[in-house]
Structure formats: C-alpha cells, structure tokens
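Read-outs: derived from the displayed coordinates by stated rules, not from any lab. Since the model is a prediction, treat every value here as computed from it, not as a measurement. Cβ: placed from backbone, ideal geometry, glycine included. Neighbour counts: every protein chain shown.
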Amino acid sequence: MVKQLNSGPVIQKEKETATKMIHLYCKKKHHQRQLCPKCQDLQDYALKRLSYCRFGKGKTACSNCKVHCYQRDYQNRIKTVMRYSGPWMLVYHPVYAVKHLLNK
Ligand SMILES: [Zn+2]
C-alpha cells in the first residue's frame, strides 16, 4: 500500500515557508544565487518530511511537534536556518513570518 502524501493547504504553506527560509539563508550566508548543494539537500529533505508528516492538515508548528521526524543532523541544520532566517522573514515576507509565529 502506498502512503498518501500530504498536499493540503496547510502543508503547502509550510513548504513555501520552508523553501523561502532556506533560500534566504543560503543567499545571505553562502552568497549563492541558486541554492548550494548542501542547502538544496536540506530543502529536499524538509519538503519530503512535510509530505510525509503524519499530522497532515492538523499539523502545528514543527517546533511544537512531539514527533521528531527529522534526523539529528538535519534537525540541527534546519534549526540554524530558522533561527537565522526568522528575523529576515519579518522584513521580506511578513505574512509568512507572522503566521509562523502565531502557530507557536
Ligand atoms: Zn547554501
């Protein structure tokens, strides 16, 4: 049996936010126009985890989640990205940032 992948609006928004934050981080930190391979890898991973998130449309912010579905290494990396990009999101994408904060 193939597991149904998440594709609802909640997950979709989360994916957009994650993508934006990773792009921002790479642009500021690694000074790349395109995502560098490491950030690309992280983004692929994050999007995949969202697709497989067991809570689907009932999902809350990942930082609230009791299920740590990320591997240690990726978890640390995404945390670094979030911490770095969080404040920038307020500048560039205030709607996303505010939503993200409200979800906490
Ligand atoms: Zn990068």
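Observations on the structure shown:
- Of all residues making up the stretch 72-100, the number that are in contact (Cβ under 8 Å) with a residue 12 or more places away in the chain and of a type outside the set (V, I, T): 13
- Qualifying residue in the stretch 57-71 (condition: within 16 Å of the ligand (Cβ to nearest atom), buried (at least 16 other Cβ atoms within 10 Å of the Cβ) and either of a type in the set (K, R) or in contact (Cβ under 8 Å) with a residue 12 or more places away in the chain (or both)): no
- Restricting Q12, Q32, Q40 to those that are assigned to a helix (DSSP H, G or I), farther than 19 Å from Q71 by Cβ and free of Cβ contacts under 8 Å to residues at least 12 places away in the same chain reduces the list to Q12.
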